[in-house]
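Take a look at the structure below.
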Amino acid sequence: MDLHAIIIEDEQAGLDNLKNILLSCCSHVKVIAEARNIEEGYLVLTDKSLQPDVVFMDINLNNELVFNLLDRLDSINFEIIFVTAYQQHAVRACAYSSIGFISKPIDPSLLKEAIERVRIGEDEDMKDRLEVFRGHINHMNPFKKITIASLDEMHFIHIHEIVRLQSDDNYTIFHTKNGGKIIASKTIKSYENMFIPFNFFRVHRSHIVNLNYIQKFIKGDSAHLIMMDGTKIDVSRRRKGPFSEKLKELQKELA
């Protein structure tokens, strides 16, 4: 299925390079319009005759943030993939908000992966995802909320509501404090580093737990945790030592 695309890029060389890569590795992506600045971008995005499926855009356009453009739109009925050298917090912000991100210089294989994740007709929540993204990139509302992409939906959830993450082959099951479950279409490894700053710990190859929801830590040869909801979680032999050290660090912080 063809994807109709718009490119918003302030450097002509960067725009031409992206078009050439798309032509060589993603021929089903048809570029229907281009823009070099905020005003041109606004004109093409409000042109009802274009109807793009995906828009590739730089975060920084002629020393202006692209949010100055996006905030002017009444609705965003397309997917966004940021293609930029603007690295400050951007990769992490995109991960938390489930927005595509490709850094310059462009790796064709990563571009192809980002395009494969584009979901036509499921972009009603893009405004919400951008709000999550902007909160992370500006540190205005740092790391309070995450966007989780399941097979059919986008879920917006506060990090403190997540009790544990459970591996299920190429998927991850998020267990929330109200007993809910969200099945994400990513492996548990892709979330591991993301949650470290918020007192989550990978205690087993199949589990990452929120330390705030641990009720007991049973030591010994068959080390395991008892969570607040009564769930038993095994602690692997390899991770038992680092996990014990993490608990000691937290105790020192509370002392």
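Just so you know, all these numbers are worked out from the coordinates, no wet-lab data involved. Not measured: the values here are computed from a predicted model. Quick reminder, even Gly has a Cβ in these numbers, built from the backbone with ideal geometry, and neighbours come from all protein chains shown.
Candidate cross-link partners of residue 186 among the lysines, defined by an alpha-carbon separation under 17 Å and a same-chain spacing of 8 or more, comprise 112. Model label points for residue 251 and residue 107, set 7 angstrom from Cα along the Cα-to-Cβ axis, are 4.1 nm apart. Normalised by the number of residues in the range 146-254, the average gap of Cα pairs under 8 Å and 6 or more apart makes the relative contact order 16 percent.
Label-to-label distance for residue 40 and residue 238 is 5.1 nm, based on points extended 7 Å past Cα in the beta-carbon direction. With one equal scatterer per alpha carbon and no solvent term, the Debye-computed log10 I(q)/I(0) for the range 183-250 at 0.13, 0.19, 0.26 1/Å reads -0.34, -0.74, -1.32.
Each DSSP beta bridge with both residues in the range 1-75 is either parallel or antiparallel, and the antiparallel ones are about 15%. The charge dipole of the range 1-53, taken about its Cα centre with unit charges on the Cβ atoms of Lys, Arg (+1), Asp and Glu (-1) only, comes to about 200 debye. Taking 17 Å as the straight-line reach from the Cα of residue 219, the lysines in range (excluding those fewer than 8 positions away in the same chain) are 232, 240, 246, 248. Legend: ranking of residues 191, 213 from fewest to most surrounding C-beta atoms inside 10 Å; resulting order 213, 191. Modelled label positions at residue 11 and residue 229, each set 7 Å beyond Cα in the direction of Cβ, lie 4.7 nm from each other.
Rounded to 0.05, the FRET efficiency of the residue 51 and residue 205 pair, given R0 = 41 Å and the Cβ-Cβ distance, is 0.40.
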